[in-house]
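> I'd like to ask you about the structure that follows.
The values are calculated or read from the model by the stated rules, or taken from the named source; none is laboratory data. Just so it is clear, the structure is predicted and the values come from calculations on it, not from any experiment. Heads up, the Cβs are rebuilt from the backbone with ideal geometry, glycines too, and the neighbour counts pull from every protein chain shown. The accessibility values were calculated without ligands, DNA or RNA, using every heavy atom of the protein model including side chains. Shrake-Rupley method; radii C 1.70, N 1.55, O 1.52, S 1.80 Å.
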Amino acid sequence: MKKAFLVFSILFSCLLFSCTTIVDSERPSWIDAVPEIPGEKVFVASGMGNSEVEARSNAVLSALSQMGEEIGYSLEEKYFRELFSSLVISDLGARIADEYSWEIDGEWTVFVAVTAMDETFEGARSPEFLEIQKREEEISSLLSSSLDAYKNNRDMEAVEDILQAALISLSGDVKNEEYSPEVLFEKAIKYLSNLRIENVKPSRDTSSSSLEFRVQRTKGLLYPMVENALVECSYSAISLSGEIENLSHLSRTNAKGRFVMNRTNPYALHEGNIKISVHIDDDLMFNLSLKAPKELMASLNKAIDDGSLEYSYSFPPRQDISSVVIALAEYNYDGSMRKEDGALKSVLENLFALQGISFETIVFAEGEEESDNIEALLSQYSHMEKIYVIRMGVVSRINIDDKVYSRAEGKIIEINPSISEKNDVSAFHACVSGSSEKEADENTLKKLSQVICGFLLGEF
């Protein structure tokens with residue numbers, strides 16, 4: 001069967017190529033349009049020289065160069081003599097199927113058409129070429145997927161497909177210049193530069209305490225909204241240690257290109273700025289940073305940053321500060337009450353000041369027992385909407401090596417004066433060391449104050 005196919009291919013080639021090597025008055029069609037032959041590859045090359053032999057030599061070398069580019073290694077030195085003299089290369093299943101030449105004013109031009117059996121030629125490819133071929137097939141598939149995503153207004157999926165293709169390109173050689181990392185990065189950046197993030201009026205089903213945004217193209221028919229885009233929202237919040245820290249979370253756009261930033265973090269600043277940027281998969285960005293030139297990553301990050309939105313916001317406190325009483329009951333290890341000299345009041349005031357909250361009524365609870373605290377507060381502040389009682393104190397100590405460890409416990413009690421209702425919001429504890437009992441107690445009470453006041457901050 002294989003022999004019959006070979007005979008058929010040779011006969012088919014003869015129909016496409018004339019078998020003459022003499023100068024002909026009519027230019028053969030295969031010079032201008034390379035023919036397609038089932039089961040064979042066709043290479044058309046030309047050469048010039050002061051003699052027909054020189055021109056033919058250059059044409060054969062040119063054909064071998066073409067074949068070498070496709071097969072993955074140089075063929076000229078090994079196969080020139082064989083192809084020039086015998087018109088065939090057995091190893092590659094190749095032969096000169098036709099030649100055409102002419103001479104003008106002593107200068108010769110020769111065209112040769114070389115055919116090679118697909119099966120034999122493919123089997124001779126170098127491992128390096130096969131790797132390049134596989135790499136380019138994967139890149140081609142990703143670019144096709146990217147185009148489909150873009151057509152469906154899923155621009156960030158398109159960008160990630162292109163960058164995945166760039167990552168493959170960075171892993172080894174590619175022959176197609178359109179598949180180079182530089183070209184692929186430029187393509188991804190072009191897509192990113194065509195996006196805009198903007199604040200929009202909240203939808204009917206969006207909470208009044210939430211913010212709504214959308215991602216949209218700046219070009220294109222009707223400026224389409226971008227679906228399924230991952231965006232990163234960066235904002236500032238208060239840590240339990242009383243410091244401002246930067247946090248972020250991810251959201252995804254819906255079919256209308258919109259996403260909602262809910263007020264879910266109780267420690268987020270009531271007033272501040274949100275920076276919103278499109279987000280590219282972390283693993284992808286990390287892997288690109290390991291392989292891509294720094295200037296390409298800098299350009300990519302700049303495109304993301306240039307397209308980001310900084311939005312100033314202001315949320316009111318969750319409760320009316322003027323109708324709230326904060327009562328403090330902080331105790332030493334011996335049961336004596338700490339007031340202005342304690343840790344609780346200063347931690348509370350400093351932490352809430354970061355949120356722009358200043359309580360009008362902060363008092364020290366009267367009495368040693370919890371019931372005494374509550375009774376005194378209800379009698380004096382029955383007209384207020386809410387009373388928060390913070391009770392905390394050192395309950396034990398232990399010596400380990402040269403350190404003293406103090407343990408403190410505390411809780412928040414929420415009171416609704418209008419109905420005399422009392423709820424224990426939560427219980428807390430802390431254990432911190434010090435070089436002395438006094439230092440251990442101070443460290444522990446300060447730590448517990450931060451924990452309790454941080455929790456209470458979330459209520460406002």
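> Take region 158-173 and flag every residue that is open to solvent by 40 Å² or more (accessible area, probe 1.4 Å) and free of Cβ contacts under 8 Å to residues at least 60 places away in the same chain.
Asp173
> If you don't mind, another one. Within region 201-228, can you find the residues that are surrounded by 14 or more Cβ atoms within 10 Å (Cβ to Cβ), of a type outside the set (S, T, N, Q) and either in a strand (DSSP E or B) or at pLDDT below 80 (or both)?
Pro202, Leu211, Glu212, Phe213, Arg214, Val215, Arg217, Met225 - these are the residues of region 201-228 that are surrounded by 14 or more Cβ atoms within 10 Å (Cβ to Cβ), of a type outside the set (S, T, N, Q) and either in a strand (DSSP E or B) or at pLDDT below 80 (or both).
> I need a count of the residues in region 68-95 that are assigned to a helix (DSSP H, G or I), modelled with pLDDT under 90 and aliphatic (A, V, I, L, M).
2
> What's the total number of residues in region 83-108 that are of a type outside the set (Lys, Arg) and crowded, with 18+ Cβ neighbours inside 10 Å?
12
> Need the failing condition index for Glu128 against (1) of a type in the set (Asp, Glu); (2) assigned to a helix (DSSP H, G or I); (3) in contact with an Asp or Glu (Cβ under 8 Å, 6 or more places away or on another chain); (4) closer than 21 Å to Val44 by Cβ, just the number.
If we test Glu128 against (1) of a type in the set (Asp, Glu); (2) assigned to a helix (DSSP H, G or I); (3) in contact with an Asp or Glu (Cβ under 8 Å, 6 or more places away or on another chain); (4) closer than 21 Å to Val44 by Cβ, just (4) comes out false.
> Still on this model: On the given criteria, is Ser322 open to solvent by 50 Å² or more (accessible area, probe 1.4 Å), over 30 Å from Asp424 (Cα atoms) and in a helix (DSSP H, G or I)?
Against the criterion (open to solvent by 50 Å² or more (accessible area, probe 1.4 Å), over 30 Å from Asp424 (Cα atoms) and in a helix (DSSP H, G or I)), Ser322 does not qualify.
> Suppose we keep only residues that are touching a residue at least 12 places away in the same chain (Cβ under 8 Å), outside any strand (DSSP E or B) and among the charged types (D, E, K, R) within region 326-346. Which one would you say is most open to solvent (accessible area, probe 1.4 Å)?
So, considering only residues that are touching a residue at least 12 places away in the same chain (Cβ under 8 Å), outside any strand (DSSP E or B) and among the charged types (D, E, K, R), the one most open to solvent (accessible area, probe 1.4 Å) is Lys339.
> Moving on. As an exercise: evaluate Ser396 against (1) surrounded by fewer than 19 Cβ atoms within 10 Å (Cβ to Cβ); (2) in a strand (DSSP E or B); (3) modelled with pLDDT under 90; (4) touching a Lys or Arg at 6+ places or on another chain (Cβ under 9 Å) and give the number of the one condition it does not meet.
Among (1) surrounded by fewer than 19 Cβ atoms within 10 Å (Cβ to Cβ); (2) in a strand (DSSP E or B); (3) modelled with pLDDT under 90; (4) touching a Lys or Arg at 6+ places or on another chain (Cβ under 9 Å), the lone unmet condition for Ser396 is (3).
> Which residue, of Ile387, Ile413, Ile419, is among the aliphatic types (A, V, I, L, M), exposed (fewer than 14 other Cβ atoms within 10 Å of the Cβ) and over 18 Å from Arg338 (Cα atoms)?
Of the residues listed, the single one that is among the aliphatic types (A, V, I, L, M), exposed (fewer than 14 other Cβ atoms within 10 Å of the Cβ) and over 18 Å from Arg338 (Cα atoms) is Ile419.
> Still on this model: Of the conditions (1) out of contact with any Lys or Arg (no Cβ under 7 Å at 6 or more places or on another chain); (2) surrounded by 18 or more Cβ atoms within 10 Å (Cβ to Cβ), His270 fails just one. Which one is it?
(2)
> Follow-up question, since we're still on this one. With the condition kept exactly as written, say whether any residue in region 7-19 is outside any helix (DSSP H, G or I), exposed (fewer than 12 other Cβ atoms within 10 Å of the Cβ) and modelled with pLDDT under 90.
Yes: region 7-19 contains one or more residues that are outside any helix (DSSP H, G or I), exposed (fewer than 12 other Cβ atoms within 10 Å of the Cβ) and modelled with pLDDT under 90.
> Would you check which residues across region 273-297 are farther than 25 Å from Phe213 by Cα, open to solvent by 30 Å² or more (accessible area, probe 1.4 Å) and assigned to a helix (DSSP H, G or I) and list them?
Those that are farther than 25 Å from Phe213 by Cα, open to solvent by 30 Å² or more (accessible area, probe 1.4 Å) and assigned to a helix (DSSP H, G or I): Asp283, Phe286, Asn287, Ser289, Leu290, Lys291, Lys294, Glu295.
> Something else about it: Out of Ser203, Ser171, Ser193, Ser145, report the one residue that is of a type in the set (Gly, Ala, Ser) and touching a strand residue (DSSP E or B) at 6+ places or on another chain (Cβ under 7 Å).
From the options Ser203, Ser171, Ser193, Ser145, the qualifying one is Ser203.
> What pairs come up if the first residue lies in region 175-200 and is free of Cβ contacts under 8 Å to residues at least 12 places away in the same chain and in a helix (DSSP H, G or I), the second is of a type in the set (Phe, Trp, Tyr) and open to solvent by 40 Å² or more (accessible area, probe 1.4 Å), and their beta carbons are under 7 Å apart, counting only those six or more places apart or on different chains?
Filtered contacts from region 175-200: no entries.
> Follow-up question, since we're still on this one. Mind checking whether some residue in region 174-184 is at pLDDT below 90, surrounded by fewer than 18 Cβ atoms within 10 Å (Cβ to Cβ) and either in contact with a Phe, Trp or Tyr (Cβ under 8 Å, 6 or more places away or on another chain) or not aliphatic (A, V, I, L, M) (or both)?
Yes: region 174-184 contains one or more residues that are at pLDDT below 90, surrounded by fewer than 18 Cβ atoms within 10 Å (Cβ to Cβ) and either in contact with a Phe, Trp or Tyr (Cβ under 8 Å, 6 or more places away or on another chain) or not aliphatic (A, V, I, L, M) (or both).
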